[in-house]
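Enquirer: Quick one: the structure is below, and I'll ask about it shortly.
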Amino acid sequence: MSRVIYTACEICAKDKTRAPFWQFRAYGATQDIEHSKLDFRDTYVDILGIPVFYMPFFSMPDPSAKRQSGFLMPGITPHDSYLGTYFTIPYYWVINDESDLTVQGLFSTATGPQLSGIYRRALNFGSLNIRGGFAYDTHNAINYTNGFGNKVNSGDPHGMQGHIFARGLFNINSYWRAGANINLATSANYMRDYRVQGYGSEMLNSNAFLEGFGTGAYSRLDAQYYQGLNQGVIHNSDLPAALPRYTYSFVGQPDALGGRLSVNTTDFYVRRTIGATDQRGELQLNWDRPFHTKSGEQFLLTLRLDSTLYRGSKLYQLPNYYSRSTGHGMISGMVLPTIALKTNWPFVRSFEHGRGTQLLEPIVQGIYAPNTGNGADDGLPNEDSFAYEFTDSTCSRSTAIRAQTGWMAGCAPMWAYMPTGHGTGTKWTCWPGRVFRNMWSMTACPIPGWTTMYLMSWRARA
């Protein structure tokens, strides 16, 4: 073939003589059907019809080829705060029908080169994906003093640096599978300098797990490890490692009373180099009984029993900072029954001419649990509450009060108002809600009284 033009850009339908954004223009080309490739001779690379680069010989995969080894499109960035001017040259290698490897070289004017790669492999029983790289970073670390007045060593990125992000998932049988996610880097500054994916996060999380699925049941055994990236706030010695953690959940079929029983447990051993170390064994029993009235009111009766056993040490350190705790191991436990009744009454109407519908749904819930006191007084670590977020989805949960305030409990009414509208091509929702918690205590009088009321934060969504 002679006078060949190739481009992947779509040709302008109104003016087919208009040059595409980019194109290869060659004086001669040969199609190698056996190896599924095209060989070009005396090739120009045109941008908007203007020749910008000349190649005496150029080869590329034939469009009919599914995969073909070879160089990919190089890239160039004129300016970067840490790399200066840099360009990349990627190469794609088809190893076999199940795996491939992409290798990329990065060369910059402000620091040393980097070599990175992505390895992918598909298996009959799973998959494997490994991303990694190493570089010679010539930038020097800058130490500083954070907002707490502490001197921070930002980590020395000078010299050889690297990272590895690996993910594997393997099916053992129809019910069980195992996997791992490994994310490690030599320093946060290296990730910043070379624009490694994940820079800007507070930490890198690595885990390995074994999980099983059954009819209404789920089981998982895993181990968690964290690497801190923001050394000004989080030190690796302060981060926990869960070795191991076990989770089990079971939801049964409706029983003779119309209710449904569920069993849950999350047991773990959390260890810190600096800070509290604790172990927890837990068992949750939950019974839900939904019912409704002829007028459309919906009710949900919940009976719940939480039982936990803790063994903790160094609870006076982060993240609990219990003033009465000692450095020795402390064993404590708690059994907490909870009863809750939730009601919602949806009202629905339709607009004329099919212009939309409107839903108005008041929601009211009452939760009662005995007042067991402050968990800190009993030496309960209860680290779950630190990750709790009061949202519209958790506002009506029977565990909302406990998770927000440790093991303190009482009587907690909750109300919410949720109007939802659907119009032509539009949808809007307004969800305001609030939780009130009253602490019930026994006084000298035979009749207990309301002694303390806590107003939890408003929560709204629109």
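Nothing in this text is a laboratory measurement; each read-out follows from the coordinates by a stated rule. Model, not experiment: these values are computed from the prediction. Virtual Cβ from ideal backbone geometry, glycine too; neighbours counted across all protein chains shown.
Enquirer: Just the C-alpha atoms of the stretch 69-201: what Rg/Rh do they give, with Rh taken as the Kirkwood radius? All intermediate terms of the calculation are to be shown ahead of the outcome.
Expert: On the way: Rg = 18.2 Å, Rh = 16.9 Å.
My calculation puts Rg/Rh at 1.07.
Enquirer: FRET efficiency for residue 318 and residue 120, Cβ-Cβ distance as r, R0 = 60 Å, nearest 0.05?
Expert: Numbers: r = 40 Å, r/R0 = 0.67.
Plugging the Cβ-Cβ distance into 1/(1 + (r/R0)^6) gives 0.90.
Enquirer: Classify the stretch 1-65 as rounded, prolate or oblate, taking a ≥ b ≥ c as the square roots of the eigenvalues of its Cα gyration tensor: rounded when a/c is under 1.5, otherwise prolate if a/b is larger than b/c and oblate if not.
Expert: It comes out oblate by the Cα gyration axes.
Enquirer: Now, a different point. List the extent of the Cα atoms of the stretch 227-304 along each of their three principal axes, largest first, rounded to whole Å.
Expert: Here the spans come out as 60, 25, 16 Å, largest first.
Enquirer: If you put +1 on each Lys and Arg Cβ and -1 on each Asp and Glu Cβ, how big is the dipole of the stretch 69-201 around its Cα centre, in Debye rounded to 20?
Expert: Numbers: 8 positive and 7 negative charges, 66 e Å.
The calculation lands at about 320 debye.
Enquirer: Can I ask one more? With an 8 Å cut-off on Cα pairs and a minimum separation of 6 or more residues, tell me the relative contact order of the stretch 69-201 in percent. Spell out each step's value before the answer.
Expert: Details: 295 pairs, mean separation 20.9, N = 133.
Reported as a whole number, the value is 16 percent.
Enquirer: Further question on the same structure: Just in the stretch 1-98: which trypsin sites (Lys or Arg not before Pro) are loop by DSSP and have at most 16 other Cβ atoms within 10 Å?
Expert: Working: sites: 3, 14, 16, 18, 25, 37, 41, 66, 67; in loops: 14, 16, 18, 66, 67.
Hits after loop and neighbour filter: 14, 16, 18, 66, 67.
Enquirer: While we're looking at this one, here's another question. Using label points projected 7 Å from each Cα along Cα→Cβ, tell me how many nm separate residue 236 and residue 283, to one decimal.
Expert: The answer from the label model is 4.0 nm.
Enquirer: Using alpha carbon coordinates only, what is the Rg to Rh ratio of the stretch 1-126, with Rh defined as the Kirkwood radius? Write down the numbers at each step before the final one.
Expert: Working: Rg = 17.8 Å, Rh = 17.2 Å.
When Rh is taken as the Kirkwood radius, the ratio is 1.04.
Enquirer: Please work out how much length the chain gains when fully extended from residue 203 to residue 130, using 0.36 nm per residue of separation minus the C-alpha to C-alpha distance, in nm with one decimal. Before the final figure, lay out the partial values.
Expert: Working: separation 73, 0.36 × 73 = 26.28 nm, distance 1.91 nm.
Going from the current span to full extension adds 24.4 nm.
Enquirer: Next up: Can you find, among 241, 266, 281, the residue sitting farthest towards the positive end of the charge dipole of the stretch 238-374, where Lys and Arg contribute +1 and Asp and Glu -1 at Cβ?
Expert: Final value for the positive-end residue is 241.
Enquirer: Looking at the stretch 33-98, which chymotrypsin sites (Phe, Trp or Tyr not before Pro) are DSSP coil and have at most 16 other C-beta atoms within 10 Å of their C-beta?
Expert: Working: sites: 40, 44, 53, 54, 57, 58, 71, 82, 86, 87, 91, 92, 93; in loops: 82.
Sparse-neighbourhood loop chymotrypsin sites (Phe, Trp or Tyr not before Pro): 82.
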